[in-house]
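Just so it is clear, none of the values below were taken in a lab; they were calculated from the coordinates. The shown structure was predicted, so the numbers you read here are calculated from the model rather than taken from an experiment. Note that each Cβ is placed from the backbone with ideal geometry, even for glycine, and that neighbours are counted across all protein chains shown.
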Amino acid sequence: MNNLINHLLHNLLMAYQIFETETFSKLHEAMETVEQGWVDKIKQQLIENPKTGKPLRFDWFREKKFGDKRMYYLIYTDISKVLLVSFGSKKEQQQIINHIIANKDRYRKIIESV
């Protein structure tokens, strides 16, 4: 019980750090100005509450919607980090989700190295 309480307190007191994959950074550069502004706003939300988005199969894998686009990110509660992975249209959604799940171990290595 004490471990659970300590874990919850840690998560409440610790702001999350936000990181981007190289792919996400390139997508961000290519976004329209209004999309970039939205992403920047969401980054601020994720610092305080990374679970703000819709879960995708797992609690640690989420999306946030902006019109017909979606931003995909992974939450690492044990190290208080969020990794922004991709941004794409509803049409690309399943392909992006499958890719992220298939590469989750690679993303874990990336987030542990920063």
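Points worth noting:
- Neighbour cut-off at most 14 other Cβ (10 Å), DSSP loop, GluC sites (Glu not before Pro), the stretch 31-114: Glu32
- The chain, relative contact order [Cα under 8 Å, separation at least 6], %: 25 percent
- This ranking places Ser89, Ser113 by how few other beta-carbon atoms lie within 10 Å of each, fewest first, which gives Ser113, Ser89.
- Compared with the alpha-carbon gap, the fully stretched path from Ser25 to Lys43 is longer by 5.2 nm at 0.36 nm per residue.
- Value of Rg/Rh across the chain [Cα atoms, Kirkwood radius]: 0.97
- Over 23 Å apart at the Cα level, from the set Lys54/Lys81; Lys69/Lys109; Lys41/Lys90, are Lys69/Lys109.
- The stretch 61-98: chymotrypsin sites (Phe, Trp or Tyr not before Pro) in DSSP coil with no more than 12 other Cβ atoms inside 10 Å: none
- DSSP bridge pairs, the stretch 15-112: antiparallel proportion in percent, nearest 5: 80 percent
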